[in-house]
Amino acid sequence: KLSDLHDGQIPPELVYVSRAKDARRRLGNERSVEQLVSELGFDVVYLQDMKWTEQVQQMSKAQVVVAPHGAGLANMIWSNTLSSVIEIFPVDVRNDCYANLAVKRGAEYSFLVSEHDPQSSGMVDLQELERLILSILKMREAREREPVSS
């Protein structure tokens with residue numbers, strides 16, 4: 001049972017799945033992306049360092065997930081509260097598998113395409129990423145303030 005995996009710690013609601021430890025597929029400005037999302041209240045996670053059960057725990061309460069395109073995004077299936085996903089594509093990749101998964105989970109889906117960088121999977125436009133995240137967080141905040149109808 002998935003509920004048995006919880007160790008009493010409260011998982012984060014805002015999650016950034018980092019690729020900083022992936023030498024082959026990380027973003028050229030991954031550390032700057034990590035800093036930005038941290039400042040916006042996101043927990044930065046390195047799923048490749050976690051056991052499967054820890055990944056499930058980590059993602060179980062995720063409401064907003066931001067991540068570069070890759071298998072880490074598949075972990076959105078463990079969230080019971082998923083509302084938004086932002087996927088960051090490398091310059092040369094277009095694949096809608098995670099968009100389909102997010103939409104089927106009832107989440108809003110956004111993406112941005114990184115800029116070409118021959119040394120990495122691309123450079124993220126930090127201003128555009130911040131704009132997307134702030135837009136999602138404002139919508140989330142507005143939903144939380146809405147009166148509950150009976």
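What follows draws every value from the coordinates through simple rules; no lab data is involved. Just so you know, these numbers come straight off a predicted model, no measurement behind them. All Cβ positions, glycine included, derive from the backbone under ideal geometry; neighbour counts span all protein chains shown.
Over the chain, DSSP H runs of length four or greater, each weighted -39,500 (n - 2.57), average out per residue to a 222 nm ellipticity of -9500 deg cm²/dmol. Computing FRET efficiency as 1/(1 + (r/R0)^6) for Tyr46 and Ala71, where r is the C-beta to C-beta distance and R0 is 22 Å, gives about 0.95. Size descriptors for the chain (Cα atoms only): Rg and Dmax, in that order, 15.2, 55 Å.
FRET efficiency for the Asp117 to Glu141 pair, using the beta carbon distance and R₀ = 30 Å, is estimated at 0.35.
Using the empirical formula 2.2 N^0.38 Å as the baseline, the Cα radius of gyration of the range 110-150 reaches a ratio of 1.77. In nm, give the distance between the simple-model label positions of Val93 and Glu108, each being 7 Å from the Cα along the Cα-to-Cβ direction. The two pseudo-label positions are separated by 2.5 nm.
Of the trypsin sites (Lys or Arg not before Pro) found in the range 39-120, those that fall in a DSSP loop while having at most 11 other beta-carbon atoms within 10 Å are Lys51, Arg94. For the cross-link pairs Lys61/Lys104; Lys21/Lys138; Lys21/Lys51, the ones whose C-alpha atoms lie over 24 Å apart are Lys21/Lys138.
May I ask for the net charge around Ser79, where only other residues with Cβ less than 9 Å from the Cβ of Ser79 are counted and Lys, Arg are +1 while Asp, Glu are -1? Within the 9 Å Cβ shell, the charges total +2.
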